[in-house]
């Protein structure tokens, strides 16, 4: 059985990619919200406004999840820094499992976010 050594620098790179992605989503949601504000000014139909409210709620939920994920990444980065300060450049199995689980969460979140964007664009096409 061979053992693969995984260095903190490899995980750090992935963390930075995730942070950039999450920050992009956060910025994108601001833009989406601005477009919803335009629709509010143009439409008074209860059905349209109800659907719009669902998007606002979804964007609020996404922003909360983004903050949660950014905090988790920062926490993991601090943990890795502590290991690096202790001259441990490799990650242990427990922390690697945590990292792999988080990787799965990010993958699932990409799917959820992209589905939301797709529905949002259909909504914009219909009402803007």
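The values are calculated or read from the model by the stated rules, or taken from the named source; none is laboratory data. Keep in mind the model is a prediction, meaning the values are calculated, not measured. Glycine gets a Cβ as well: all are built from the backbone with ideal geometry, and neighbour counts include every protein chain shown.
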Positions within the stretch 92-125 being more than 16 Å from residue 56 (Cα to Cα) and either at pLDDT 95 or above or in contact with a strand residue (DSSP E or B) (Cβ under 8 Å, 6 or more places away or on another chain) (or both), in sequence order: 101, 102, 103, 104, 105, 106, 107, 108, 109, 110, 111, 125
Within the stretch 75-83, can one find any residue that is on the phi > 0 side of the Ramachandran plot and modelled with pLDDT under 95? no
Could we say that residue 103 is exposed (fewer than 15 other Cβ atoms within 10 Å of the Cβ), in a helix (DSSP H, G or I) and in contact (Cβ under 8 Å) with a residue 24 or more places away in the chain here? yes
Would you confirm whether any residue within the stretch 48-68 is touching a residue at least 24 places away in the same chain (Cβ under 8 Å) and either in contact with a strand residue (DSSP E or B) (Cβ under 9 Å, 6 or more places away or on another chain) or not in a helix (DSSP H, G or I) (or both)? no
Would you call residue 12 touching a strand residue (DSSP E or B) at 6+ places or on another chain (Cβ under 9 Å), assigned to a helix (DSSP H, G or I) and modelled with pLDDT under 95? no
Selection status of residue 116, more than 19 Å from residue 16 (Cα to Cα) and within 13 Å of the chain's Cα centre (by Cα): yes
Since residue 48 meets every condition but one in (1) more than 30 Å from residue 81 (Cβ to Cβ); (2) modelled with pLDDT of 95 or more; (3) loosely packed, with under 15 Cβ neighbours inside 10 Å, which condition does it not meet? (3)
Could you say whether any residue in the stretch 73-80 is surrounded by 11 or more Cβ atoms within 10 Å (Cβ to Cβ) and in contact with a strand residue (DSSP E or B) (Cβ under 6 Å, 6 or more places away or on another chain)? no
